[in-house]
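What follows is calculated from the coordinates using simple rules that are stated; it is not laboratory data. Predicted model only: the values in this text are computed from it and were never measured. In this analysis, Cβ positions are derived from the backbone assuming ideal geometry, glycine residues included, and neighbour counts consider all displayed protein chains.
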Amino acid sequence: MANERTLSIIKPDAVAKNVIGEIESRFEKAGLKIVAAKMLQLSQAQAEGFYAEHKERSFFGDLVGFMTSGPVVVQVLEGDNAIAANRDLMGATNPKEAEAGTIRADFAQSIDANAVHGSDSPESAEREIAYFFGSEEICAR
Ligand code: RTP
Ligand code: MG
């Protein structure tokens, strides 16, 4: 299996609900390691740049507004097939469609306030990790 890194964000709704630890616990129990982490209040420019691939979509303004509505935890998860493993733990984008036991089924309220972000491909993982972390901020474990 491929050892990978992926960018994870615990979004403002989950930080506000005080479930950072419960979400981190799911990653750790699944064998993913946190190799970098920080809490940030994203600026509008940071959120727009992060989600640049969606800038033509109708929901872009709502997405940026939501992501800047409070602090987030940005982090790098590492492990076997980490990109897909994280997406499996997260569940579907819309929590109403998310499988029982996934993070979004258990903690998300809506398609906007959906608790977590995870990179969706090796290319986006590389871009997204570099967007938030310098190589000196990522710890080999
Ligand atoms: P994320 O990027 O946050 O991990 O979520 P995702 O891959 O599951 O979904 P994506 O298609 O990348 O969309 C990014 C975020 O935009 C919001 N969204 N709203 N109203 C809508 O139709 C809609 N579609 C997407 C969601 O909050 C999604 O997480
Ligand atoms: Mg996405």
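For the reader, a short list of remarks on this structure follows.
- Across the chain, C-alpha contacts under 8 Å between residues 6 or more apart give a mean separation that, scaled by the residue count, equals a relative contact order of 38 percent.
- The calculated 222 nm mean residue ellipticity attributable to helices in the chain amounts to -10500 deg cm²/dmol, summing -39500 (n - 2.57) over DSSP H runs of n ≥ 4 and dividing by all residues.
- Peptides 119-126, 3-10 ordered by packing proxy, namely the average of other Cβ atoms within 10 Å per residue, highest first: 3-10, 119-126.
- At q = 0.14 Å⁻¹, base-10 log of I(q)/I(0) for the chain (Debye sum, equal scatterers on each alpha carbon): -0.60
- Projecting the Cα atoms of 45, 108, 7 onto the charge dipole of the chain (Cβ charges, centred on the Cα centre) puts 108 farthest toward the positive pole.
- Computed from Cα atoms alone, the Kirkwood hydrodynamic radius reported for the range 75-141 is 12.9 Å.
- Pairs of Lys in the chain closer than 21 Å at Cα, counting only those 8 or more apart or on different chains: 9
- Cα-centre dipole for the range 52-125 with unit charges at Cβ (Lys and Arg positive, Asp and Glu negative), debye to 20: 220 debye
- Rounded to the nearest 20 debye, dipole of the range 1-128 from Cβ charges on Lys, Arg, Asp, Glu: 280 debye
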